[in-house]
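Peer 1: Structure in structure tokens, see below.
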Amino acid sequence: MGVVLYGGAFDPPHLGHVAVADAAREHFGVPRLRILVSERPGHRDTQASAVDRLELVRAAFPDDEVVLDPYPRTIELLRAEQLDDPVFVIGADQFCDFLAWAEPDEVLRRATLAVATRPGFPQKRLDAVLARLERSDRVVFFALNPNPNASTDVRARIAAGEPPDAYVPPAVADSIRARRLYVRE
């Protein structure tokens, strides 16, 4: 196994993201992950700038390698970077959308996909995706404690005036306040 990658928009990084990273470190027995902050996510718009999100992710994952990912699609990253046997970490919800990714079978030829599953997640949804992949042997699952946070919800709560402290790591909450991110002006 090579480098363990965990990427996303992280707009903002929340406790659910931290839980996935913690579970991946434990499952794969690695002390550090390479956290990829998507500069221009190919699948969604972001509210905070790439620079702000990069700083928030550094605050959320102080012991990991945090880098800006200039590639809008995972396959572009895997083609451009010289990565030795990479493992790419995603959540179960993202895996259910994996067939809509650019060249999902090529992603699996170039990387192992590590899927974090939480208790109660419908196995039939995961199986439906696996059945349509050429390289389902390149997908591994690992357990995750439940965490209901989603970036969309966190942004909405902050915009509604709620403090972010219950949803994000303390250093991220401090940075969100200092940068006045996600608030209605």
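Peer 1: Filter segment 82-124 for residues that are hydroxyl-bearing (Ser, Thr, Tyr) and within 15 Å of Leu33 (Cβ to Cβ) and give the result.
Peer 2: Selection gives Thr112 alone.
Peer 1: So which of Phe141, Phe121 ends up being without any contact (Cβ under 8 Å) to a residue 60 or more places away in the chain, under 14 Å from Gly16 (Cβ atoms) and not charged (D, E, K, R)?
Peer 2: Phe121
Peer 1: Here is a follow-up. Among the residues of segment 5-37, how many are within 25 Å of Gln82 (Cβ to Cβ), at pLDDT 95 or above and in contact with a Pro (Cβ under 8 Å, 6 or more places away or on another chain)?
Peer 2: Adding up the residues that qualify gives 2.
Peer 1: Criterion first (farther than 22 Å from Val18 by Cα, modelled with pLDDT under 95 and not aliphatic (A, V, I, L, M)) does Arg179 satisfy it?
Peer 2: No; evaluated as a whole, the condition is false for this residue.
Peer 1: In segment 110-161, how many are in contact with a helix residue (DSSP H, G or I) (Cβ under 8 Å, 6 or more places away or on another chain), among the charged types (D, E, K, R) and either under 27 Å from Asp85 (Cβ atoms) or at pLDDT 95 or above (or both)?
Peer 2: 7
Peer 1: Name the single residue, out of those in segment 159-185 being without any contact (Cβ under 8 Å) to a residue 40 or more places away in the chain and assigned to a helix (DSSP H, G or I), that is surrounded by the fewest Cβ atoms within 10 Å (Cβ to Cβ).
Peer 2: Per the criteria, the residue is Ala178.
Peer 1: Continuing with this model, one more query. Find the strands (runs of 3 or more DSSP E) located wholly in segment 33-124 whose residues include 2 or more that are farther than 26 Å from Val183 by Cα, and list them. Let's see the steps before the verdict.
Peer 2: Values: elements: 34-38, 65-69, 87-91, 112-117.
Ranges flagged: 87-91, 112-117.
Peer 1: While we're on this one: Within the set of pairs 6 or more residues apart or between chains, which connect a residue that is over 11 Å from Leu68 (Cα atoms) inside segment 41-53 to a residue that is at pLDDT below 90 and basic (Lys, Arg) with Cβ atoms less than 9 Å apart?
Peer 2: Thr46/Arg40
Peer 1: Quick one: is Glu55 surrounded by 15 or more Cβ atoms within 10 Å (Cβ to Cβ) and over 16 Å from the mean Cα position of the chain (by Cα)?
Peer 2: no
Peer 1: Which residues, taken from segment 68-80, are under 25 Å from Pro31 (Cα atoms) and surrounded by 15 or more Cβ atoms within 10 Å (Cβ to Cβ)?
Peer 2: Asp69, Thr74, Leu77, Leu78
Peer 1: Only residues that are surrounded by 15 or more Cβ atoms within 10 Å (Cβ to Cβ), out of contact with any Lys or Arg (no Cβ under 9 Å at 6 or more places or on another chain) and hydroxyl-bearing (Ser, Thr, Tyr): list them for segment 102-149, please.
Peer 2: Matches in segment 102-149: Thr117 only.
To keep it simple, each residue is scored yes or no on (1) of a type in the set (Val, Ile, Thr); (2) over 28 Å from Ala48 (Cα atoms).
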| site | (1), (2) |
| --- | --- |
| Pro72 | no, no |
| Val87 | yes, no |
| Leu99 | no, no |
| Ala102 | no, no |
| Arg109 | no, yes |
| Pro119 | no, yes |
| Pro122 | no, yes |
| Leu126 | no, yes |
| Leu133 | no, yes |
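Peer 1: Quick check on segment 16-32: of everything there that is part of a helix (DSSP H, G or I) and free of Cβ contacts under 8 Å to residues at least 24 places away in the same chain, which residue is nearest to Ala171 (Cα to Cα)? Give the derivation first.
Peer 2: Taking segment 16-32 first, the residues part of a helix (DSSP H, G or I) are 16-28.
With free of Cβ contacts under 8 Å to residues at least 24 places away in the same chain added as a condition, the list becomes 22, 25-26.
On the way: Asp22: 17, Arg25: 21, Glu26: 23 Å.
The selected residue is Asp22.
The values are calculated or read from the model by the stated rules, or taken from the named source; none is laboratory data. Because the structure is predicted, anything quoted here is derived from the model rather than measured. No Cβ is skipped: glycine too gets one built from the backbone with ideal geometry, and neighbour counts run over all protein chains shown.
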